[in-house]
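Engineer: I have a structure here, written as structure tokens, and I will follow up with some questions on it.
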Amino acid sequence: MNRDAIQHAFGHHFGKQSLLEQALTHRSYGVPHNERLEFIGDGLLNCVIALALYERFPELDEGSLSRLRAGLVKQESLHQLALKLDLGVALRLGEGELRSGGHRRPSILADVMEALFGATYLDAGFNVVQGVILKLYSEMIAAIDPLHAGKDPKTALQEWLQGHRQALPNYEMLNIRGEAHAQEFEVACRLTDLGFETTGRGPSRRTAEQQAARAALD
């Protein structure tokens with residue numbers, strides 16, 4: 001994927017292409033790298049998501065809003081966004097990181113997303129980066145169920161089942177794909193009393209279980 005395609009998918013075309021290049025540069029490659037941009041982007045992301053949740057859920061208290069925000073800005077969420085944008089092919093990595101599959105590593109991809117937010121702010125200001133973040137997160141925010149606000153899907157599913165006097169779910173590992181540094185886990189969530197099961201996938205077993213629990217709740 002070329003830089004124009006990345007910028008189109010991301011939602012901002014950089015006036016200063018040097019900022020885009022820096023955002024895509026890991027410290028293993030050289031300087032200037034993206035760590036300072038990542039620092040700015042982390043703060044911007046937390047601010048934008050906090051404002052979005054505050055406006056969308058006026059009935060929720062601070063604790064619930066904080067838990068929702070934490071779920072949206074965590075590494076796993078940023079990693080999923082980076083995969084959708086196919087950012088790995090554009091990263092500038094040192095030889096060691098290239099050999100070890102750094103372009104697929106969740107922590108590196110999540111950091112690049114934050115660096116891109118920071119670079120967007122420096123390139124075009126707060127309103128533009130706010131628009132970019134809200135567009136990228138629109139599906140995640142729309143999928144939030146206020147009845148389970150602040151609760152992860154596994155907890156919410158367990159509480160629902162207990163409230164309806166149903167047996168708790170059984171989670172079973174179905175498959176592990178990929179190399180050690182870039183694995184994908186597939187997990188089943190079985191609801192024996194209700195007679196069905198769902199599956200989830202993710203870069204960790206915990207993420208896969210949460211995805212399966214969310215599918216069961218839906």
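Engineer: Could you tell me which of the residues Glu59, Glu35, Glu76 is farther than 14 Å from Ile133 by Cα and at pLDDT 95 or above?
Structural biologist: Result: Glu35 is the single residue among Glu59, Glu35, Glu76 that is farther than 14 Å from Ile133 by Cα and at pLDDT 95 or above.
Engineer: Still on this structure, please answer the following. Of all residues being over 18 Å from Trp160 (Cα atoms) and touching a Pro at 6+ places or on another chain (Cβ under 7 Å) in segment 184-210, which is most open to solvent (accessible area, probe 1.4 Å)? Just the residue, please.
Structural biologist: Checked segment 184-210; the qualifying residue most open to solvent (accessible area, probe 1.4 Å) is Glu184.
Engineer: Then there's this: Run down Arg92, Arg105 and say which single residue is of a type in the set (Lys, Arg), modelled with pLDDT of 90 or more, open to solvent by 30 Å² or more (accessible area, probe 1.4 Å) and over 18 Å from Asn46 (Cβ atoms).
Structural biologist: After ruling out the rest, the residue left standing is Arg92.
Engineer: Give segment 130-163 a look and list any residue that's farther than 30 Å from Gly41 by Cα, crowded, with 17+ Cβ neighbours inside 10 Å and either small (Gly, Ala, Ser) or touching a Ser or Thr at 6+ places or on another chain (Cβ under 8 Å) (or both), or say none.
Structural biologist: Listed by number, the list holds a single entry, Ala156.
Engineer: Let me ask something additional. Exactly one condition in (1) under 18 Å from Ser138 (Cα atoms); (2) in contact (Cβ under 8 Å) with a residue 24 or more places away in the chain; (3) within 11 Å of the chain's Cα centre (by Cα) is false for Leu109; which is it?
Structural biologist: (1)
Engineer: Can you tell me which residues in segment 164-174 are outside any loop (DSSP other than H, G, I, E, B), open to solvent by less than 60 Å² (accessible area, probe 1.4 Å) and more than 17 Å from Asp218 (Cβ to Cβ)?
Structural biologist: Within segment 164-174, just Met173 meets the criteria.
Engineer: Assuming Ala213 fulfils every condition listed in (1) open to solvent by less than 60 Å² (accessible area, probe 1.4 Å); (2) assigned to a loop (DSSP other than H, G, I, E, B); (3) of a type outside the set (S, T, N, Q) apart from one, which condition is it?
Structural biologist: (2) is the only condition that Ala213 fails.
The values are calculated or read from the model by the stated rules, or taken from the named source; none is laboratory data. On a predicted model such as this, the values are computed, not experimentally measured, just so you know. All Cβ positions, glycine included, derive from the backbone under ideal geometry; neighbour counts span all protein chains shown. Heavy atoms of the whole protein, side chains included, go into the accessibility calculation; ligands, DNA and RNA do not. Shrake-Rupley method; radii C 1.70, N 1.55, O 1.52, S 1.80 Å.
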